[in-house]
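The values are calculated or read from the model by the stated rules, or taken from the named source; none is laboratory data. Predicted model, so just to flag it, every value in this text is computed and none were measured. Virtual Cβ from ideal backbone geometry, glycine too; neighbours counted across all protein chains shown. Just the protein is used for accessible areas: all its heavy atoms, side chains included, with ligands, DNA and RNA removed. Shrake-Rupley method; radii C 1.70, N 1.55, O 1.52, S 1.80 Å.
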Amino acid sequence: MEGDARTSLVGASFRDLFRLIPEIRQADLILLSEGMSKVFSVVLFFCLMPFLRKPIVVVDLLLSKPKTLKQKELTRFKRLLLNRVDHFVHYFKALEGYQEFYGISPARSSYVPFKSNNFRNPRVADIASSRTEEYVFTAGRSLRDYDTFFEA
C-alpha cells in the first residue's frame, strides 16, 4: 500500500501524544484498540488540540451497564467523550445497551466476526477467498509488537 505509515502506541500516556504530534499531523485516522483510558486520552487530546483532529476508530471497546448512582454519573461523562469517536468496530452484534447508555449507534458501528476458529465458517471463508487485494488487519488487547508486524 503506497504511502502508508503506521505508528503503534502501546501503553503510552496522555503526555506521549504531544510527542507524537508530527505523526498525528500526517495520519489519516487514529485506530485504537486498547481500552477506555487510551480512548479518553486521545479524545481529550483532540479537545485541547482541535486543529490536529483526525477521525477516531475504536476496536473492541468493552463497556458495562452502569448500576450504581456513581456509575450512572460517570457514564454521562463517558457518553460525551464517546460522541467524539467516529466509528466503532465490535466483535458482537447486540448494541442495545451501548446505544442506550453510551450513545453508540449502529450507524457509527461495524460488526466484525471474530473467533480464532472462523476459518471453519463457510461464510467467512467465502468472504476471505473473494478478496483480490492483499491485506492484513490486526487489532486487539494482546499487546502485540505492532511495529515489528508493520515492518514485516
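Residue-by-condition table, conditions (1) open to solvent by 80 Å² or more (accessible area, probe 1.4 Å); (2) modelled with pLDDT of 95 or more; (3) out of contact with any helix residue (DSSP H, G or I) (no Cβ under 8 Å at 6 or more places or on another chain):
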| site | (1), (2), (3) |
| --- | --- |
| 98 | no, no, yes |
| 113 | no, no, no |
| 116 | yes, no, yes |
| 123 | yes, no, yes |
| 133 | yes, no, yes |
| 140 | no, no, yes |
| 146 | no, no, yes |
| 152 | yes, no, yes |
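Taking each residue of region 49-60 that is without any contact (Cβ under 8 Å) to a residue 40 or more places away in the chain and within 21 Å of residue 15 (Cβ to Cβ) and looking for partners that are assigned to a helix (DSSP H, G or I) and among the charged types (D, E, K, R) with beta-carbon atoms closer than 8 Å, six or more apart or interchain, yields 52/25.
Taking the criterion of being more than 10 Å from the chain's Cα centre (by Cα) and closer than 15 Å to residue 59 by Cβ, the only residue of region 23-35 that qualifies is 29. Being over 24 Å from residue 26 (Cβ atoms), in contact with a helix residue (DSSP H, G or I) (Cβ under 7 Å, 6 or more places away or on another chain), assigned to a helix (DSSP H, G or I) and at pLDDT below 95 is true of residue 81.
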